[in-house]
Amino acid sequence: MISSNLSNVRSDIRGEIYYKALELEKNGEKILKLNTGNPAAFGFKMPQSIKNAIVDNFDKSLGYCDLKGMPAARQAIYNYHLENGIKAISPDDVFITNGVSEAAYMAITAICGPGDEVLVPTPCYSLWVNMIRMCGGEAVFYDCREDNEWQPDVQCIEASITPKTKAILLINPNNPTGAVYTKEVVQSIYDIARKHNLIILSDEIYDRLVYPEATHIPTGSLGDDVLVMTFNGLSKSHCVCGLRCGWIMVSGPADKKQTLVTALVTIASVRLCSNAAMQLAIPAALADTEYTKEMLSPTGRLYLQRKVAIEEMNKIPGLEVMPNKAALYMFPKIDTAALGFKTDKEFAYDLLLKKKILIVPGSGFYAKDQNHFRIVCLPAPEQMGEAIRAIGDYLQGK
Ligand SMILES: Cc1ncc(COP(=O)(O)O)c(C=O)c1O
């Protein structure tokens with residue numbers, strides 16, 4: 001009855017262990033849910049600029065809008081990417097979507113059919129692998145090297161290319177590792193795509209959440225001779241995950257770009273349009289750079305939470321972690337076998353039962369070993385510190 005394409009589709013972020021957490025909550029337990037990057041759940045408020053833009057113009061969003069998105073919103077997105085150096089683009093190359101999640105669905109549907117291969121990082125945010133599999137394609141993993149600050153292994157990417165490869169996915173800044181890729185790495189991947197005539201899918205949803213020690217290089221800024229789909233949205237930078245607001249910016253050689261844009265128009269027309277109320281907020285949000293910068297400043301919540309998380313993790317014997325350079329996550333390493341577990345899932349399950357903290361095991365991100373988990377740095381500093389200390393107590397008590 002059910003499509004075989006679904007047989008290998010799963011999201012551990014909201015998987016079995018999450019359901020166990022909900023069951024415990026129903027029974028009156030208090031669970032600290034560190035499984036999703038959902039700022040509003042931790043008291044982050046949407047910026048007033050967004051609220052005003054929506055509330056003051058709400059009536060304008062009641063009808064279906066243009067299938068690519070409202071012109072003013074597309075113009076603002078175009079300006080944003082142009083300022084960030086993406087070349088040879090126009091507002092007609094923008095598709096506004098119900099989050100990057102729908103953007104991924106549209107992009108993968110456009111380029112990937114049964115038997116096609118897309119190169120994806122390991123570890124990888126599961127959305128992309130799931131979309132590829134739902135379209136009947138194959139996600140082929142390339143390594144990101146923990147011993148090299150989680151940068152993609154460029155040789156591994158090139159060695160993984162076959163005649164069936166259609167595209168390379170980059171998640172930069174990265175979820176779950178918090179890495180920001182160096183210019184050399186992004187350039188090498190861009191060059192590989194050009195050499196092998198591949199499309200680049202560049203998920204840059206965290207590009208506004210980068211700490212000062214790193215610089216984000218937009219893939220599409222490296223030239224106009226490779227077809228690049230850049231994905232971005234407001235969920236994280238403006239703390240509005242539930243409003244579902246994302247987009248695709250297509251860049252690259254004019255002829256290929258036109259073919260891809262035509263395919264995306266077909267797919268966008270099938271789903272009519274994306275949530276119009278949210279599109280009213282896009283120009284205001286992209287103009288409001290202060291809101292996001294403030295969260296990352298030395299007195300901002302994200303900065304302070306990350307600081308506490310790093311300090312407390314550094315005190316835990318046997319736990320190794322690369323401080324995130326961007327985004328909301330870190331991907332610490334522990335020795336689960338030495339703790340007596342066969343899998344990282346068993347570890348995450350036991351941590352939930354013993355400490356009432358919900359994390360996502362590394363295998364939920366297709367990690368190559370069973371020795372990682374993802375931590376979300378969203379609780380306020382005090383609670384963040386308590387949570388990491390509780391994880392430390394748990395690990396030392398084993
Ligand atoms: C790397 C990455 N891409 C895409 C998404 C989905 O974002 P959206 O809320 O825009 O669908 C997330 C959400 O956590 C993410 O981490």
Sole exception among (1) in contact with a strand residue (DSSP E or B) (Cβ under 6 Å, 6 or more places away or on another chain); (2) surrounded by fewer than 24 Cβ atoms within 10 Å (Cβ to Cβ); (3) within 26 Å of N27 (Cβ to Cβ); (4) among the hydrophobic types (A, V, I, L, M, F, W, C) for A348, by number
(2)
Condition first: more than 30 Å from A107 (Cβ to Cβ), of a type in the set (G, A, S), in the same structural domain as L34 (by TED's automatic domain parsing) and at pLDDT below 95. Can you find one or more residues in the range 302-318 that meet it?
yes
Just to be sure before I move on: is V185 out of contact with any Phe, Trp or Tyr (no Cβ under 7 Å at 6 or more places or on another chain), in a strand (DSSP E or B) and under 25 Å from W247 (Cα atoms) in the structure I sent?
no
Looking at the range 192-200, is at least one residue within 16 Å of the ligand (Cβ to nearest atom), assigned by TED's automatic domain parsing to the domain that holds D93, part of a strand (DSSP E or B) and surrounded by 23 or more Cβ atoms within 10 Å (Cβ to Cβ)?
yes
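Within the range 1-54, which residues are outside any loop (DSSP other than H, G, I, E, B), of a type in the set (K, R) and surrounded by 15 or more Cβ atoms within 10 Å (Cβ to Cβ)?
Initially, the range 1-54 is screened for residues outside any loop (DSSP other than H, G, I, E, B), giving 4-6, 12-14, 16-26, 32-33, 39-42, 48-54.
Cutting the leftovers down to of a type in the set (K, R) gives us 14, 20, 26, 33, 51.
If the condition is that a residue be outside any loop (DSSP other than H, G, I, E, B), of a type in the set (K, R) and surrounded by 15 or more Cβ atoms within 10 Å (Cβ to Cβ), then R14, K20, K33 are the ones that fit.
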Candidates Y181, Y211, filtered to the one that is touching a helix residue (DSSP H, G or I) at 6+ places or on another chain (Cβ under 7 Å), among the aromatic types (F, W, Y) and at pLDDT 95 or above
Y211
Just a yes or no: is a residue in the range 340-349 of a type in the set (K, R), out of contact with any Gly (no Cβ under 9 Å at 6 or more places or on another chain) and part of a loop (DSSP other than H, G, I, E, B)?
yes
Go through the range 126-170 and count every residue that is closer than 17 Å to I111 by Cβ and either outside any loop (DSSP other than H, G, I, E, B) or modelled with pLDDT under 95 (or both).
17
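Residue by residue, here is whether (1) among the basic types (K, R); (2) more than 23 Å from T266 (Cβ to Cβ); (3) out of contact with any strand residue (DSSP E or B) (no Cβ under 9 Å at 6 or more places or on another chain); (4) touching a residue at least 12 places away in the same chain (Cβ under 8 Å) holds:
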residue: N79; (1), (2), (3), (4): no, yes, yes, yes
residue: L82; (1), (2), (3), (4): no, yes, yes, no
residue: G85; (1), (2), (3), (4): no, yes, yes, yes
residue: A88; (1), (2), (3), (4): no, no, no, yes
residue: F95; (1), (2), (3), (4): no, no, no, yes
residue: G99; (1), (2), (3), (4): no, no, no, yes
residue: A110; (1), (2), (3), (4): no, no, no, yes
residue: L119; (1), (2), (3), (4): no, yes, no, yes
residue: P123; (1), (2), (3), (4): no, yes, no, yes
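The values are calculated or read from the model by the stated rules, or taken from the named source; none is laboratory data. Small disclaimer: the values here were computed from a predicted structure and weren't measured. Reconstructed Cβ throughout: ideal geometry from the backbone, glycine too, with neighbour counts over all protein chains shown.
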